[in-house]
1. Assign one of three labels to the range 357-404, namely rounded, prolate or oblate, based on the Cα gyration tensor with a ≥ b ≥ c the square roots of its eigenvalues; rounded applies when a/c is under 1.5, prolate when it is not and a/b is larger than b/c, and oblate otherwise.
2. Sort 123, 234, 134 so that the residue with the fewest other Cβ atoms within 10 Å of its own Cβ comes first and the one with the most comes last.
3. What whole-number distance in Å separates the alpha-carbon centres of the range 227-251 and the range 285-304?
4. Name the GluC sites (Glu not before Pro) in the range 317-399 that are in a loop by DSSP and that have at most 14 other C-beta atoms within 10 Å, would you?
5. Please give me the summed charge of the neighbours of residue 143: other residues whose Cβ is under 14 Å from its Cβ, Lys and Arg +1, Asp and Glu -1.
6. What net charge is computed for the residues neighbouring residue 182, neighbours being all others with C-beta under 12 Å from the C-beta of residue 182, Lys and Arg scored +1, Asp and Glu -1?
7. Between residue 291 and residue 92, 0.36 nm times their residue separation minus their Cα-Cα distance comes to what?
8. Given the convex hull of the Cα atoms of the range 320-406, what is a quarter of its surface area in nm²?
Amino acid sequence: MKQWLLSTFLLAITCCSNAQGWEEINDSLLYYYQNGNNKRATDLGNLALLKAKSEFGEQSKNYATSLNILGFLYDDMGNYGKAEPLYLQALSIRKKILGEEHPDYATSLNNLAGLYYNTGNYSKAEPLYLQALSIRKKILGEEHPDYATSLNNLASLYDDMGDYRKAELFYIQAMNIDKKISGKEHPDYATSLNNLATLYVNMGNYSKAEPLHIEALNIRKKVLGEEDPDYAQSLNNLAFLYASLGQFVKAEPLYIEALNIRKKVLGIAHPDYSNSLNNLALLYSRMGQFVKAEPLYIEALNIRKKILGEEHPDYATSLSNMASLLANMGNYLRAESLYIEALNIRKKILGEEHLVYAASLSSLGLLYKITGNFSKAKLFFEKALNIRKRILGEEHPDYATSLNNL
């Protein structure tokens, strides 16, 4: 989805500009981004911004586009502090020169909302997503792909907030739009199926999720082929479903196939490849095959450290997963060290009101409980409980889990 978004940004460039130098920079930027070299893409994004400033001025549509693209790249790298002011500046320029009923203004609202969603600031994200949805409905109509995208984004937000009724409603509406405008053998329809299936997995409704994941997989296989990243994503998601059901024998070959596709198509220095390593390692860990899991976790950790840096959420996830493995193997001191490092990264980049930060607190609480340090365990469990209560409310399964831990 993110690659599609960036491709769309850059397609818009070729439609509205004759400045070949600026276009060429953005073409190169897209190439490096799609091949997982986020650092090089970001360097080119900064260069494109300077080029736009000198050639078009700071109140131009193209300068706003460059701000938006660079914000997107920093957002994708987990550097939210740099992304936010870029998104805000792009939003301000577009509001001034294009007005509040322009598709680009809606895009800026959507991207800023996405950043707040990524950082767990759901109260800021929701009104921006709703505003973008309203603008797109008014100027593009209810049968436009961008309107369907807004529905999907809101559904994802409500999914994470535990408001599954709203999430399901929006996902189904988006799916029906994609089905009507693109047909049942289109990648967009497959994506909608995938999103709805993922919701059902989160709800524990595996019987509804499985046929949707299988349908999405078959569409992607037929339309995109067996060496497409989206096909690999479907394999990965179906594997996750089977792993959630404890059907490890079904999950393992799917995870391995997804891993091999990503290695071949994207290379070993791509975030999606590290995600596959992480998922397969998690499966082996759940199966008690720690010897198989450890080298995969280490490889994923090293890739993320190299390409994303040590202040990225995915790097913190790798640290946390490695800590969990070490705890299962009885290496509690090393596990504690990694859990604390992950906690500090998440605190710094996501803040203390994020569900992932609460998950880190809970993991440390469990470790202290296992090692008999009950006073520390209670402290961390209570912190996690209070965060989940504030964000999710008292009727969410994760809040119930926190209560149970105490």
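1. Judged from the Cα gyration tensor, the range 357-404 comes out prolate (a/c at least 1.5, a/b above b/c).
2. Fewest to most other Cβ atoms nearby, the residues stand as 123, 134, 234.
3. 17 Å
4. 352, 394, 395
5. +1
6. Result for the neighbourhood of residue 182: -1.
7. Length difference between fully extended and current span is 66.4 nm.
8. For the Cα atoms of the range 320-406, the hull's average projected area reads 5.1 nm².
Read-outs: derived from the displayed coordinates by stated rules, not from any lab. A quick note: this is a predicted structure, and the numbers were derived from the prediction, not measured. Positions of Cβ are backbone-derived with ideal geometry, glycine not excepted, and every protein chain shown enters the neighbour counts.
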